[in-house]
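Asker: Sharing a structure here in structure tokens format.
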Amino acid sequence: EELGLLRTEELLAARRLDGARQFFTRAYDFGYSKSAEETFRYWPRDSLLRDVLAVIRRFRPQIIVSIFSGTPRDGHGQHQAAGMLARQAFQVLRDSAWGPVKLYRSTFFDTAATTLVIPAGTLDPVLGQSYHQLAMAGRSRHRSQDMGQLQRPGPSAIRLALLETKR
């Protein structure tokens, strides 16, 4: 429980830095998991899906981007579960009148699958930093996971793969 509280505070510290909104589900940090199956023994899948759907319905995005693919390639089971829930949420909502029209996933570890590249090294004139630098500063707030990152200026790209589109 203490680790979960610490990681929650790290997420909130990153959001204070970047100004984004942070949403939480009923999932809790129970330590390392090797598979999605193991994760779903601790996490109530149907409840988590409802939580994810509630946030998507609230904001009605046209595009959903998942960091994770929902496969063992994602590493630990919590990341696999997150990727699976993102895909399932898209499938539930894509045929609604306002539903999202595209689902992408990060290709950080699979650049050959990239179908879209977004420049992230662009300098924000108000902040005086690039979006990549801001992202790395936020990631550095995750100290319990040793995720500190250099905040290098210059070119940077976000690589995504298109997974599904609205029918």
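The values are calculated or read from the model by the stated rules, or taken from the named source; none is laboratory data. Here the structure is a predicted model, which means the values were calculated and not measured. FYI the Cβ positions are ideal-geometry reconstructions off the backbone, even for glycines, and counts take in every protein chain you see. Quick note on the areas: whole protein, heavy atoms, side chains included, nothing else; ligands and nucleic acids left out. Shrake-Rupley method; radii C 1.70, N 1.55, O 1.52, S 1.80 Å.
Asker: What helices (runs of 4 or more DSSP H), lying completely within the stretch 1-115, carry at least 1 residues that are under 21 Å from R139 (Cα atoms)?
Answerer: So the answer is 2-18, 77-93.
Asker: If you don't mind, another one. Condition first: surrounded by 15 or more Cβ atoms within 10 Å (Cβ to Cβ), among the hydrophobic types (A, V, I, L, M, F, W, C) and at pLDDT below 90. Now tell me which residues in the stretch 100-129 satisfy that.
Answerer: Correct list: A120 only.
Asker: Inspect the stretch 92-99 for any residue being modelled with pLDDT of 95 or more, open to solvent by less than 60 Å² (accessible area, probe 1.4 Å) and either touching a strand residue (DSSP E or B) at 6+ places or on another chain (Cβ under 6 Å) or under 20 Å from F23 (Cβ atoms) (or both) and give the result as yes or no.
Answerer: Yes, the stretch 92-99 has at least one match.
Asker: Filter the stretch 15-36 for residues that are among the aromatic types (F, W, Y) and in contact with a helix residue (DSSP H, G or I) (Cβ under 7 Å, 6 or more places away or on another chain); which is farthest from A54 (Cα to Cα)?
Answerer: Top of the filtered list is F30.
Asker: Go through the stretch 71-91 and give me each residue that's of a type in the set (G, A, S) and modelled with pLDDT of 95 or more.
Answerer: Answer for the stretch 71-91, where residues must be of a type in the set (G, A, S) and modelled with pLDDT of 95 or more: G77, A81, A82, G83, A86, A89.
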